[in-house]
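Note sheet for the following structure.
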Amino acid sequence: SFTVNEGLTKANGRIYLNFQGVEAAYYVYLNGRPVGYSEDTYSPHSFDVTDYLVNGENLLAVEVHKFCDGTWMEDQDMIYDGGIFRDVYLYSTPLVHISDYRVITDLDETYTNADLQLSPVITNYAAQDVSNFAIDVQLFDAEGNDIFADDPMRIDLGAIAAGESATADASKLVRNPELWSAEYPNLYTLVLNLYDKTSGKLFESISQQLGFREIEFTRTEVDENYNRIT
């Protein structure tokens, strides 16, 4: 049982229940009502529980199954030990927020420069359509310098109908990024800032560590003596 922190409700947005890891499948109930089902042991999952919460004490129940139809995909050299094995927590978002995004770091043929491809998904839970929103993108290196400071990256968004989601696509050239490898795990911090261009109000900021890497198979060339020349 739990009570909801006032800080989660005062923004009048949406409240989510997040499970960082559950093996292997589970049903979620809140205050005696079914909320949802999920599987995929090592992926986090969020449930919108805004309409299930009550003032005061709430009762959360989770029914965990050790095996499911996805278990064979996770069949690795390990002991099956079903259960909730990572954090469970609540978080809130504004009514207009970044609900998902995809980022790709496409390196050129010499692995020198990268095309940073970003596709954010913005969801509008407000009762009316919204427009004139934008996302400012920042990319910080290990020293905390924003490498987009002199050449900002901004994604302008179109109108988003009430209760709907919209996806935007943008890309930007990143010159000479520090590449990620197991030996040199160089990481950047990607920050997405969603705001209203008319009022300048910041709605949401989210961040994610990002490594520039590319995994591919390449052809090996040999000379007339079968010595590798690539």
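The values are calculated or read from the model by the stated rules, or taken from the named source; none is laboratory data. Bear in mind the structure is a predicted one, so any value in this text is a computation, not a measurement. No Cβ is skipped: glycine too gets one built from the backbone with ideal geometry, and neighbour counts run over all protein chains shown. Accessible surface areas use protein heavy atoms only, side chains included; no ligands, DNA or RNA. Shrake-Rupley method; radii C 1.70, N 1.55, O 1.52, S 1.80 Å.
Within the accessible area of the chain, the carbon and sulfur atoms contribute 46%, probe 1.4 Å, all protein chains present. Averaging the sequence gap over all C-alpha pairs within less than 8 Å and six or more residues apart, then dividing by the number of residues, gives the stretch 1-124 a relative contact order of 29 percent. Once backbone amide H atoms are built at 1.01 Å from N, VAL35 has VAL28, TYR29, LEU30 as its partners under 5 Å, excluding neighbours fewer than 5 places away on the same chain.
Which shape class applies to the stretch 65-115: rounded if a/c is under 1.5, otherwise prolate when a/b exceeds b/c and oblate if not, where a ≥ b ≥ c are the square roots of the Cα gyration tensor eigenvalues? Note, shape of the stretch 65-115 comes out oblate. Please report the accessible area of ILE84 (heavy atoms, 1.4 Å probe, ligands and nucleic acids excluded) in Å², nearest 10. Roll a 1.4 Å probe over it and ILE84 shows about 80 Å². Taking ASP136, ASP115, ASP51 in turn, the Gaussian network model of the chain (Cα-Cα springs below 10 Å) assigns the largest fluctuation to ASP51. When only alpha carbons are used to place a centre, the stretch 91-126 and the stretch 38-63 end up 25 Å from one another. Dipole orientation for the chain: of the candidates TYR226, SER1, HIS97, SER1 has the Cα lying most toward the positive pole (charges on Cβ; Lys, Arg +1; Asp, Glu -1). Shape class for the stretch 18-118, computed from the alpha carbon gyration tensor (a ≥ b ≥ c): oblate, with a/c not under 1.5 and a/b at or below b/c.
Couplings 3J(HN,Hα) for the stretch 65-73, derived from phi with the Karplus relation 6.51 cos²θ - 1.76 cosθ + 1.60 (θ = phi - 60°), are 10, 5, 10, 8, 6, x, 4, 5, 6 Hz, where x marks Gly and Pro. What shape does the chain take by its C-alpha gyration tensor, where a ≥ b ≥ c are the square roots of the eigenvalues and a/c under 1.5 counts as rounded, a/b above b/c as prolate, and the rest as oblate? Oblate, since a/c reaches 1.5 and b/c is not below a/b. Annotation: per residue accessible area for the chain equals 63 Å², rounded to a whole number [probe 1.4 Å, protein chains only]. Figure note: TRP72, TRP180 ranked by solvent-accessible area, largest first, 1.4 Å probe, ligands and nucleic acids not counted: TRP72, TRP180. Working from Cα pairs under 8 Å separated by at least six residues, relative contact order for the chain is 16 percent. Along the axis of the charge dipole computed for the stretch 100-164 (Cβ charges of +1 for Lys and Arg, -1 for Asp and Glu, origin at the Cα centre), the listed residues LEU107, VAL121, PHE140 are led at the positive end by VAL121.
Summarising the amide proton neighbourhood of VAL96: residues at separation of 5 or more, or on other chains, whose placed amide H is nearer than 5 Å comprise TYR125. Electrostatic bookkeeping for LEU118 treats Lys and Arg as +1 and Asp and Glu as -1; over the other residues with beta carbon under 10 Å from its beta carbon, the sum is +1. Taking all protein chains together and a 1.4 Å probe, the residues GLU143, GLU221, GLU74 rank GLU143, GLU221, GLU74 from largest to smallest accessible area.
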